[in-house]
């Protein structure tokens, strides 16, 4: 049963965004990049809207702190996997993107397990998602040369965000060890 304080429109939007990957996956498989772009636009709008509503209506919840970044990870990971499988997206970049998100999820689960603390998304993490989304957009639109150059921006964004999340993880471990 979902607690009443978690039954918000912003959480519903995040939850729905997780399931956008299902039609996106099939659209990518069928080479319907035009429809994928529309769906991605709707997903980006709901991503913005859920955060706006949560702040505006003071409905920021622990569930929302989990669902919003999870929706980003599922959307981005699913898109790059589908693009790799059906449209030639680089395997090495797919692995790097998915591996980074898995490491962040493992770290967040570890922190929650040990500290009962939910680690929210940070600015570098949000920027890296936006950078990856732009790279996916370039790829879907067929701007392969622009995509090839933009990969370097993606790599920098991924490294910076992973380092920042690692710093949070290490800081929490140090604080726990200092308190012990």
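The values are calculated or read from the model by the stated rules, or taken from the named source; none is laboratory data. Everything numeric in this text was worked out from a predicted model, so none of it was measured. Because the Cβ atoms are built from the backbone with ideal geometry, glycine has one as well, and the counts that use them run over all protein chains shown.
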Subject >> Flag for residue 159 being assigned to a helix (DSSP H, G or I) and surrounded by 14 or more Cβ atoms within 10 Å (Cβ to Cβ) >> reply: yes
Subject >> Set 19, 45: member being more than 18 Å from residue 126 (Cα to Cα), under 16 Å from the mean Cα position of the chain (by Cα) and at pLDDT below 95 >> reply: 19
Original post:
Considering 173, 151, which residue is surrounded by 13 or more Cβ atoms within 10 Å (Cβ to Cβ), at pLDDT below 95 and assigned to a helix (DSSP H, G or I)?
Top reply: 173
Subject >> segment 84-100 - residue that is part of a helix (DSSP H, G or I), touching a helix residue (DSSP H, G or I) at 6+ places or on another chain (Cβ under 6 Å) and surrounded by 20 or more Cβ atoms within 10 Å (Cβ to Cβ) and, of those, modelled with the lowest pLDDT >> reply: 100
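Residue check: is residue 106 out of contact with any helix residue (DSSP H, G or I) (no Cβ under 8 Å at 6 or more places or on another chain) and within 19 Å of residue 18 (Cα to Cα)? Break it down into steps so the answer makes sense when it comes.
Details: out of contact with any helix residue (DSSP H, G or I) (no Cβ under 8 Å at 6 or more places or on another chain): yes; within 19 Å of residue 18 (Cα to Cα): yes.
The answer is yes for residue 106.
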